[in-house]
Amino acid sequence: MEPNARPVAVRRHLTGDRNQCPSCGEFFNSTAAFDAHRTGPFGGAHGEPSRRRCLTVVEMRAKGMALNRAGFWVKHPLPDAGIAARVHSRPNAPAALPSDA
Ligand SMILES: [Zn+2]
């Protein structure tokens with residue numbers, strides 16, 4: 001591991017709904033998983049600043065989130081058998097998402 005390596009410097013090929021958080025640099029398998037790792041109140045209603053922040057890795061795991069085999073965070077990890085079945089039958093198709101997202 002390089003001493004100066006930063007998560008935001010990592011480059012991955014993002015397909016479909018996958019994304020990388022610009023704040024913490026973690027990768028997410030879907031917008032829903034990304035949303036799940038943000039917490040705290042939005043600002044604005046009474047002039048206070050936003051206190052939204054990213055969950056830590058420990059907090060994400062405590063919520064039941066997990067890294068999938070590709071290294072992307074998911075909200076609800078599937079059992080290994082389920083992952084194998086999905087990968088086999090639908091190579092790159094997140095469920096119920098528009099293809100132009
Ligand atoms: Zn983040």
Expected output for region 15-39 (first residue at negative phi and within 8 Å of the ligand (Cβ to nearest atom), partner of a type in the set (Phe, Trp, Tyr) and in a loop (DSSP other than H, G, I, E, B), Cβ below 9 Å, 6+ apart or cross-chain) is Glu26/Phe72
All-but-one check, Arg69 against (1) in a loop (DSSP other than H, G, I, E, B); (2) open to solvent by less than 80 Å² (accessible area, probe 1.4 Å), failing number (2)
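The values are calculated or read from the model by the stated rules, or taken from the named source; none is laboratory data. Predicted model only: the values in this text are computed from it and were never measured. With ideal geometry, Cβ positions are generated from the backbone for all residues, glycine too; neighbour counts draw on all protein chains shown. Quick note on the areas: whole protein, heavy atoms, side chains included, nothing else; ligands and nucleic acids left out. Shrake-Rupley method; radii C 1.70, N 1.55, O 1.52, S 1.80 Å.
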